[in-house]
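The values are calculated or read from the model by the stated rules, or taken from the named source; none is laboratory data. Computed from a predicted structure; not experimentally measured. Cβ placement follows ideal geometry from the backbone for every residue including glycine, while neighbour counts extend to all protein chains displayed. With ligands, DNA and RNA removed, areas are computed over all heavy atoms of the protein, side chains included. Shrake-Rupley method; radii C 1.70, N 1.55, O 1.52, S 1.80 Å.
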Amino acid sequence: MRTGDFHYTARPHCTASEAMTVLADLTRQGELHPLIIAVHTEEPPRPGAIRSYTITDAMRWGPLRFRIRYQADILSESATTLDTVARQSPNVTVRNRTTVTAQDDGRTRIDCHVTLTAPTPLFGYAFAQARRAHGELAARMEEALSGPGGHRPE
């Protein structure tokens, strides 16, 4: 097994509350995350989770296209912090801690710290895919949370 982590930041024009509302609703991730094609809420939540989801991603490995289904859970949520974990087969875990901070310029700073653990033969592929997808996710979060033209609608 190997573990690696990375960090990214987004700064949309919105309130911290608006950002957290969108980020804590994983059903909205289909709109933002470049790999996600479906999100289904699981009732009741899995043990240790506040809310649980089953997510389907569309993936590529060279010329091969495939889908994976996995479990994602919100472990904790406050006005400023969101902790999630995604568990994929075979034995891939993605943990994400997101913090939101209001800024004086009308923006919100969204900081995401991602830790990925995977079997050594899959680690390079999984880590590269996660890093690329989350980079695109940051740009999409800024656009979606800022509204048309980069400014939040009044």
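For the stretch 112-132, the set of residues classified as touching a Gly at 6+ places or on another chain (Cβ under 8 Å) and surrounded by 21 or more Cβ atoms within 10 Å (Cβ to Cβ) consists of Leu116, Phe127, listed by residue number.
Condition (residue is open to solvent by 30 Å² or more (accessible area, probe 1.4 Å), among the polar types (S, T, N, Q) and within 16 Å of the chain's Cα centre (by Cα)) applied to the stretch 103-111: is it met by at least one residue? Taking every residue of the stretch 103-111 in turn, none turns out to be open to solvent by 30 Å² or more (accessible area, probe 1.4 Å), among the polar types (S, T, N, Q) and within 16 Å of the chain's Cα centre (by Cα). Checking the condition within 17 Å of Arg132 (Cβ to Cβ), part of a strand (DSSP E or B) and at pLDDT 95 or above, which residue from Asp5, Asp57 passes? The unique qualifying residue is Asp5. Annotation: Leu122 fulfils all but one of (1) outside any strand (DSSP E or B); (2) over 24 Å from Arg46 (Cβ atoms); the unmet one is (2). I need the full set of residues from the stretch 86-127 which are closer than 28 Å to Gly62 by Cβ and β-branched (Val, Ile, Thr), in order please. Passing the criteria: Val92, Thr93, Val94, Val114, Thr115, Thr117, Thr120.
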